[in-house]
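A quick write-up on the structure given underneath.
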Amino acid sequence: MCGRGRQASGEDQVRRKGQAASFKKSRPVLQVGKLLPKGYGEALVRNKTLVLDTSAVIAGFVPGLTDVDQITVPEVLEEARDLCSKLELETAVLAGKVKILEPSQTSLAKVRGEARHTGDVVSQTDIKLLALALDHRNEGVELVTDDYAIQNMASLFDVPYRRVAMPGIKEVLRWETVCLACGRKYPPSAVECPICGSHLVRRPRR
């Protein structure tokens, strides 16, 4: 069994049991953008399909404890370098609780196009996860992620997300790449102003 952190003292264990009892009595109803770790709340998402991001597993979400449909992309398995996270995810895959799928080319093109338009910096893994969510939108899909860029893009596509540990985004942003010296704007991939030679910065559009 994979343990996380140091072993708790007797006093710590008593305190945590008290906190757990209090938590169970006042457990909140999950809303979009919120998710309790360690499999809590599965009854509230039983008719959903969860798309798992690497950040969710690393933050403490255990796929094997949640009795709902769960899917992800091959790259997430590769990115889960932490031993405990990797073992938990691989065990869930072997048990059939998590399916490894590839998104459609149509959805990939949609996500890449939107990323270019908004200026969001997302990895290829992020793009594939968002595309996979679009493919399964009719199944009541929800992304499980603590990644702000994915949350922002998911909001733009009207795809609900649930977080594990991080607070989540407060507003949806669209980005622009600008030269602070001369004020000119450029595509997201640009790094230097060809007019004045200044380094470009990325900021939310005003």
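What is the local net charge at ILE71, summed over the other residues whose Cβ is closer than 10 Å to its Cβ (Lys, Arg +1; Asp, Glu -1)?
-2
Net charge near LYS86: determine it from the other residues with C-beta under 12 Å of the C-beta of LYS86, scoring Lys and Arg +1 and Asp and Glu -1.
Here the charged neighbours net out to -4.
Using a cut-off of 9 Å between beta-carbons, work out the net charge of the residues near ASP147 (Lys and Arg +1, Asp and Glu -1, ASP147 not included).
With Lys, Arg at +1 and Asp, Glu at -1, the neighbours total -3.
For LEU50, what residues show an amide H to amide H distance below 5 Å, using hydrogens built from the backbone and excluding near sequence neighbours?
Residues meeting the amide H criterion: ASP69, GLN70, ILE71, GLU142.
What is the gain in length, in nm to one decimal, between GLU192 and ALA95 on full extension, counting 0.36 nm per residue of separation less the C-alpha to C-alpha distance?
Between GLU192 and ALA95, full extension yields 30.0 nm more.
Readers should treat all values here as calculations from the given coordinates under stated rules, not as data from a laboratory. It should be emphasised that the depicted structure is a prediction, and the values quoted were computed from it without experimental measurement. Note: ideal-geometry Cβ built from the backbone for every residue, glycine included; neighbour counts use all protein chains shown.
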